[in-house]
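The values are calculated or read from the model by the stated rules, or taken from the named source; none is laboratory data. None of these values were measured; they are calculated from a predicted model. Neighbour counts run over all protein chains shown; Cβ positions are idealised from the backbone, glycine included. Surface areas here come from the heavy atoms of the whole protein model, side chains and all, with no ligands, DNA or RNA. Shrake-Rupley method; radii C 1.70, N 1.55, O 1.52, S 1.80 Å.
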Amino acid sequence: MTAAIIDGKAFAAGLRARIATEVAALADRGIKPGLAVVLVGEDPASQVYVRSKGRMTVEVGMASFEHRLPATTPEVELLALIARLNADPAVNGILVQLPLPRHLNEAAVINAIAPEKDVDGFHILNVGRLATGQRAMVPCTPLGCLMLLRDRLGDLAGKRAVVIGRSNIVGKPMAQLLLRDNATVTVAHSRTADLPALCREADILVAAVGRAEFVKGNWIRPGATVIDVGINRTEAGLVGDVDFTSALPVAGAITPVPGGVGPMTIACLLANTLTATARANGLPDPEGLTP
Ligand code: NAD
């Protein structure tokens, strides 16, 4: 038996098409969603991300505002820009591209964003709202993973989920979302004992480790659904955190890298921007874009 390939690229394209339809409907009411992306410094990977975010924002009919600041920008200047964007009615979503140069306090910068415009879902209020089951802005990558899992498995209630990785960006919010969907969730990390045995218990295995081909096929429960969040640049090209070749004959379904979780992240950023716009205008949340 070979695992079904979960086509995140196609799913994300469908999601963007739906978002574009909703944006067109908002235009009839004179509303145009706007997303501001702030990039500090010249990190090459970040530049690539920011460029494709801007392109896809425009493609779905939203306004894209890009702010590129030098790596030496003082924190007060960055905070002043965020304050202007917070007050700007044309801006519904604000994203500060991470990582920031080391002299900037990442938490202080993120927490300066108005929570209702925090489309990355990293503001402490949104983290707390997600954890307590209140209406939040939800981090894009785990939201994309959740959409793929629901699409594949339907109801996640009672499923055993193992999330490898406890970062604030992926692992922790992923665990919260799975918990919210009534899965039984274990978060594994660098100090977890006997990780392979733990993984073998999982109906749902989410790998967000940042180590190339770390999860082996014999760690996977036969028939499990495997979500590979990893993006690792190797000499052989882009690979995930899961050893795809050995996982393929064991898993029930698996996301490829590239073409799995990656495209879902930007699509969910646009989804969050649409949701933020709807909320800012007193409209109901667009269906299926929030957890
Ligand atoms: P991170 O470095 O912040 O966190 C990695 C986590 O893995 C940590 O919590 C750590 O405890 C755990 N870990 C490290 N070594 C381990 C080990 N030996 N055993 C078990 N756990 C271990 O990374 P992150 O920001 O969460 O990202 C994880 C991966 O996902 C990276 O490859 C990153 O590039 C990728 N990523 C992809 C997207 C996307 O859009 N697809 C978005 C964000 C991150």
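Averaged per residue, what accessible area in Å² does the chain show with a 1.4 Å probe, protein chains only?
I get 45 Å² per residue for the chain.
Rank-order 12-19, 203-210 by packing density, defined as the average count of other C-beta atoms within 10 Å over each peptide's residues, highest first.
Packing order, densest peptide first, comes out as 203-210, 12-19.
Nearest 5 percent is fine: what portion of the DSSP beta bridges confined to the chain is antiparallel? Could you put the intermediate results ahead of the total?
On the way: 3 of 33 bridges.
Once the DSSP bridges in the chain are tallied, antiparallel ones form about 10 percent.
What is the ratio of the Cα radius of gyration of the stretch 83-225 to 2.2 N^0.38 Å, with N the residue count, to two decimals?
1.16
Assuming 0.36 nm per residue, please report the length gained on full extension of the stretch ARG211 to ALA83 beyond their Cα-Cα distance.
Taking 0.36 nm per residue and subtracting the Cα distance, the gain is 42.4 nm.
Would you give the gap between the C-alpha center of the stretch 175-191 and the C-alpha center of the stretch 34-91, rounded to a whole Å?
The distance from the Cα centre of the stretch 175-191 to that of the stretch 34-91 comes to 32 Å.
Given a cut-off of under 8 Å on Cα pairs at least six residues apart, what relative contact order in percent is computed for the chain?
21 percent
Report the equivalent ellipsoid semi-axes for the chain in whole Å, largest first, defined as the square roots of five times the eigenvalues of the gyration tensor built from alpha carbon atoms.
They are 32, 21, 18 Å, listed largest first.
Taking a ≥ b ≥ c as the square roots of the Cα gyration tensor eigenvalues, with a/c under 1.5 meaning rounded and otherwise prolate when a/b beats b/c, else oblate, which class fits the stretch 196-272?
oblate
Cβ neighbours within 10 Å, averaged per peptide: list 168-181, 89-102 in order, most packed at the top.
In decreasing order of mean packing, 168-181, 89-102 become 168-181, 89-102.
Cα atoms only, the stretch 38-85: Rg and Dmax in Å?
12.0, 34
Using only the Cα atoms of the stretch 66-131, build the gyration tensor, take square roots of its eigenvalues as a ≥ b ≥ c, and label the shape rounded, prolate or oblate: rounded if a/c is under 1.5, else prolate if a/b is larger than b/c, else oblate.
Oblate, because a/c is 1.5 or more while a/b does not exceed b/c.
Percentage of Cα-Cα pair distances in the stretch 238-291 greater than 17 Å, rounded to whole percent?
Working: 760 of 1431 pairs.
More than 17 Å apart: 53 percent of the Cα pairs in the stretch 238-291.
If the only charges are +1 at each Lys and Arg Cβ and -1 at each Asp and Glu Cβ, what is the size of the charge dipole of the chain around the Cα centre, to the nearest 20 debye?
On the way: 28 positive and 27 negative charges, 53 e Å.
That gives a dipole near 260 debye.
Picking from SER190, SER64, SER167, which is most flexible by a Gaussian network model of the chain using Cα springs under 10 Å?
Fluctuation is largest for SER190.
For the stretch 133-193, take the alpha-carbon Rg, divide it by the Kirkwood Rh, and send me Rg/Rh.
Here Rg/Rh amounts to 0.96.
Return an integer: the convex hull volume of the alpha-carbon atoms of the stretch 160-200, in Å³ per residue.
Each residue corresponds to 52 Å³ of Cα convex hull volume.
List the cysteines in the chain whose Cβ has no other cysteine Cβ under 4.7 Å from it.
So far as the 4.7 Å Cβ criterion goes, CYS145, CYS199 stand without a partner in the chain.
Sort the stretch 1-112 into rounded, prolate or oblate with this rule: let a ≥ b ≥ c be the square roots of the eigenvalues of the Cα gyration tensor; rounded if a/c is under 1.5, and if a/c is not under 1.5, prolate when a/b is larger than b/c, oblate otherwise.
oblate
Rg and Dmax of the stretch 143-248, Cα atoms, in Å?
In Å, with Rg to one decimal and Dmax whole: 12.8, 40.
Counting only protein heavy atoms and a 1.4 Å probe, tell me what percentage of the stretch 106-230's accessible area is made up of carbon and sulfur.
Values: 2580 of 5320 Å².
The computed percentage sits at 48.
With n ≥ 4 as the cut-off for DSSP H runs, can you work out [θ] at 222 nm for the chain, using -39500 (n - 2.57) per run divided by the number of residues, rounded to the nearest 500?
Computed ellipticity for the chain at 222 nm equals -12000 deg cm²/dmol.
Work out which helices of the chain, taken as complete DSSP H runs, extend at least 27 Å along their axis over the Cα atoms and score a mean Kyte-Doolittle of 0.0 or more, then list them.
Both cut-offs are met by 8-27, 261-280.
What's the tally of Lys pairs in the chain whose alpha-carbon atoms lie under 26 angstrom apart, where the two lysines are 8 or more places apart or on different chains?
Qualifying lysine pairs in the chain: 13.
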